[in-house]
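What follows is a set of notes on a single structure, which appears directly below.
The values are calculated or read from the model by the stated rules, or taken from the named source; none is laboratory data. Note that the structure is predicted; figures quoted are calculated from it, not measured. Reconstructed Cβ throughout: ideal geometry from the backbone, glycine too, with neighbour counts over all protein chains shown.
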Amino acid sequence: MEDFTALRNVRMSNLIWIVVYFLLGTAEANEVCYETIGCFSDKPPWSGIPGRQLFGLPASPEKMNISFSLFTKETGNLSQKILYNEISSLQNSNFSPLRKTRFVIHGYTSTGKYGWVVELCLLLVDMEDINCFAVDWEDGAKCTYFIAGSNIRVLGAVIAKFIFTMKKIYRYCPSKVHLIGHSLGAHTAGEAGRRLQYVGKKSPAIGRISGLDPAAFGFEGFPEMVRLDPSDAGFVDVIHSNGARFPLGLGMFNATGDMDFYPNGGKLMVGCKDVKQDQEQEEIRSVGNCHHSRSHEYYKYSILYPSGFLAYPCKSYESFQAGNCFPCPKEGCPVMGHYANQSHDKMKKRNQNYYLNTGFKEPFTSWRYNISVKLNGMKYVKGEINIVFHSKNGDMKEYQIMRGSLNQEQIYSKLTDVEINPENASRIEFVWHKQFFTVFWAQLGAEKVNLTRGQDGRKTSLCGHGTVKYEVPQMLTPCGKLKET
């Protein structure tokens, strides 16, 4: 996980430096130049404007020790180290110009030598016949946040130069390139894409950029030149997983792509520990890492379980939670993550925000259903009615539909995000729990349970048969079909 300790500890020290900066006045702009990738200045908007005063000149590629590890079908679990300025290392590798190419870029204080970056490349290569480059700039990322944030300009230039080299040697089309970046890596991808725009036309050359919770501090609300934006690639999709207020929020909340996805509202993620005011700084840091890192975990599992990350176009998360955007529109809903680009052309509205709820633990999938229950048995009873889903691997999830006074004449409905795909469930059950004053001989059953799928509004009707006592599961089967004995 990426360590944001330095960012969280800038509070008073940064304020002091900003005051000193203004007291001393603005110094003349400086510039550094590096062979093959050009010159970089600290003129606005890169530095010298409110919120970016402490951003400076970027380090050299050599100081950052930038490298690319190539994964292909031929390399298996191993990789081939490629140096951006040594063409022979690319020519002597298993790189194929016939394949699509994906670059995975880590963020602040992380590494591309192991961890989620390598895991994602290995998974992508296993699922697809592609070239996957794990980008490592660890030496440029493990410093103060402001230095790392400045270094991404050089990193983006190096990636752009490398892609240009691919084009020059192999006549490789940049539209076949997909950049996947987390945190500062997302803005790095934007910098590379901006540098590869067709001169004069300002049209994107890179095919796609996936921004995984792009870093907020020093980027959100700033000019497009310094951050990821939709013009950086032919298609830009963004997952927002930690857009809460600083210091708990490390990622951007504002939309910054063609399609912006907000799992669980995009601020704090389910399954990560809650934060209390009296917790130690280290605990708060680790909590923030959990939310911030969920974006690349969601992306990883979306490759394996795309239907479990269906996202709904909606005005806001509150409207989504209220059920105002259920089911999907006629043109359908996109899936968050790896396959988001497959739905882009079908969506009627551009620059739309999409919402979904995820599961609490790996693989974080969920399927949104409207579950309605019609009871039989005692006419009036106080208790709780639940629907239970069982997976084929033995997992079980129980979801409350209604609690309180229950009436046979009522139909009880609830929008539910089910972590076990109902279509693949080994069995589905009705169960009820009585309240304290309910008579012990009371019995209830599910006369009919309707499961309405969010994907397309398709309804499946299940029935219980007879009634059961409290805490006793009742098997649900397709209506008209007797339960198995």
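Tell me whether the range 153-165 contains one or more residues that are crowded, with 19+ Cβ neighbours inside 10 Å, among the basic types (Lys, Arg), touching a residue at least 60 places away in the same chain (Cβ under 8 Å) and over 16 Å from PRO61 (Cβ atoms).
No: the range 153-165 contains no residue that is crowded, with 19+ Cβ neighbours inside 10 Å, among the basic types (Lys, Arg), touching a residue at least 60 places away in the same chain (Cβ under 8 Å) and over 16 Å from PRO61 (Cβ atoms).
Has the range 98-107 got any residue that is surrounded by 21 or more Cβ atoms within 10 Å (Cβ to Cβ), farther than 28 Å from LYS168 by Cα, at pLDDT 95 or above and under 25 Å from the mean Cα position of the chain (by Cα)?
The answer is yes, given that some residue of the range 98-107 is surrounded by 21 or more Cβ atoms within 10 Å (Cβ to Cβ), farther than 28 Å from LYS168 by Cα, at pLDDT 95 or above and under 25 Å from the mean Cα position of the chain (by Cα).
In this structure, does ARG153 turn out to be farther than 30 Å from ALA216 by Cα and of a type outside the set (A, V, I, L, M, F, W, C)?
no
Among the listed residues GLU224, GLU220, which satisfies the condition of being more than 23 Å from LEU83 (Cα to Cα), assigned by the TED database to the domain that holds ASN341 and without any contact (Cβ under 8 Å) to a residue 24 or more places away in the chain?
On the way: GLU220 fails: without any contact (Cβ under 8 Å) to a residue 24 or more places away in the chain.
The conditions single out GLU224.
If you go through the range 325-352, how many residues are basic (Lys, Arg), under 21 Å from GLY266 (Cβ atoms) and at pLDDT 90 or above?
Initially, the range 325-352 is screened for residues basic (Lys, Arg), giving 330, 346, 348-350.
Remaining after also requiring under 21 Å from GLY266 (Cβ atoms): 349-350.
Now drop any that are not at pLDDT 90 or above, which leaves none.
Final tally of qualifying residues: 0.
Out of the residues in the range 170-190 that are more than 18 Å from HIS296 (Cβ to Cβ) and in contact (Cβ under 8 Å) with a residue 40 or more places away in the chain, state the one that is surrounded by the most Cβ atoms within 10 Å (Cβ to Cβ).
Checked the range 170-190; the qualifying residue surrounded by the most Cβ atoms within 10 Å (Cβ to Cβ) is VAL177.
Can you tell me which of (1) touching a strand residue (DSSP E or B) at 6+ places or on another chain (Cβ under 9 Å); (2) at pLDDT below 95 is the one GLN281 doesn't meet?
It is condition (1) that GLN281 fails.
Count, please, the residues in the range 65-81 that happen to be crowded, with 20+ Cβ neighbours inside 10 Å and either in contact with a Ser or Thr (Cβ under 6 Å, 6 or more places away or on another chain) or in a helix (DSSP H, G or I) (or both).
4
Name the one entry in TYR355, TYR412 that is assigned to a strand (DSSP E or B), under 25 Å from the mean Cα position of the chain (by Cα) and aromatic (Phe, Trp, Tyr).
Going through TYR355, TYR412 in turn, the sole match is TYR355.
Quick one: in the range 379-400, of everything that is surrounded by 12 or more Cβ atoms within 10 Å (Cβ to Cβ) and among the polar types (S, T, N, Q), which residue is farthest from the chain's Cα centre (by Cα)?
Looking at the filtered set, the residue picked out is ASN386.
Answer yes or no as to whether GLU429 is farther than 30 Å from PRO329 by Cβ, buried (at least 18 other Cβ atoms within 10 Å of the Cβ), at pLDDT 95 or above and not assigned by the TED database to the domain that holds CYS328.
So GLU429 passes the test.
Inspect all residues belonging to the range 44-56 and state whether any of them is modelled with pLDDT of 90 or more, under 29 Å from the mean Cα position of the chain (by Cα), of a type in the set (D, E, K, R) and surrounded by 16 or more Cβ atoms within 10 Å (Cβ to Cβ).
yes
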